[in-house]
Amino acid sequence: MIRSKILLFSAVLMFAASASYAASPLDGAWKSNMSKSYWTNGPMPKGFSLTIHLKWTPSELEYHSVNDTNKAKPMVRDFVAKLDDTVAPLRNNTRFNQVRVKQLDGRSFQVLEQKDGDVVVGQYWHFTEDGKSLFRWGVAKAPDGESKAFREWFDKVE
């Protein structure tokens, strides 16, 4: 009897552990939706096209994005960050070299992009309850030195 209970308890623990490593409902590809997005320093570029691929674990985010608004010169950004506001490197980018991600609740995150410790972009990400949309808004120092507020909307595409 005790052996049966131990086996059952072990099976429950193994199931719980495997469930914790299951794909997150926030995993996937998210495509920009220009009709629901805006920047306060002017219109978004014509044909703005940004796709973000996200992979989540209970403690980490893997981020890959491709901004192919300029088809001849797409901009790619990759990083891996802990969800505890720890500074992580953001390589191969002239505007930012660090990123910090802090989970605020089950569907909301603070994301800071920094240059040598100075926050250049402060943003809040929120996933809708149905899991079909992501919006992020915040304030950023644009490459021309002007600050802007922004709201960018993304629809889940995979």
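A short reminder: the numbers here are calculations on the coordinates, not readings from a lab. Here the structure is a predicted model, which means the values were calculated and not measured. Cβ placement follows ideal geometry from the backbone for every residue including glycine, while neighbour counts extend to all protein chains displayed.
Computed from backbone phi, the HN-Hα couplings of segment 69-78 come to 4, 8, 4, 6, 9, x, 9, 10, 9, 9 Hz, rounded to whole numbers (Karplus: 6.51 cos²θ - 1.76 cosθ + 1.60, θ = phi - 60°; Gly and Pro given as x). For segment 30-40, putting each phi into the Karplus relation 6.51 cos²θ - 1.76 cosθ + 1.60 with θ = phi - 60° gives couplings of 10, 10, 4, 10, 4, 5, 10, 10, 7, 10, 6 Hz, in residue order, rounded to whole numbers and with x for Gly and Pro. Site pair THR57 and ALA88 shows an inter-label distance of 1.0 nm when each label is modelled 7 Å from Cα along Cα→Cβ. Distance between the 7 Å Cα→Cβ label points at ASP130 and SER24: 2.2 nm. Convex hull volume per residue, computed on the Cα atoms of the chain, equals 138 Å³. Less than 5 angstrom separates the built amide H of MET44 from those of TRP39, all sequence-distant by 5 or more or on a different chain.
Given the DSSP H assignment, sum -39500 (n - 2.57) over each helix run of at least 4 residues in the chain and divide by its residue total; what's the result at 222 nm in deg cm²/dmol, nearest 500? Please list the in-between numbers first.
Details: 1 runs with 19 residues, N = 158.
Computed mean residue ellipticity for the chain: -4000 deg cm²/dmol.
Straight-distance candidates among the lysines for linking to LYS71, with alpha-carbon spacing under 28 Å and chain neighbours fewer than 8 residues away dropped: LYS31, LYS36, LYS46, LYS55, LYS115, LYS132, LYS141, LYS148, LYS156.
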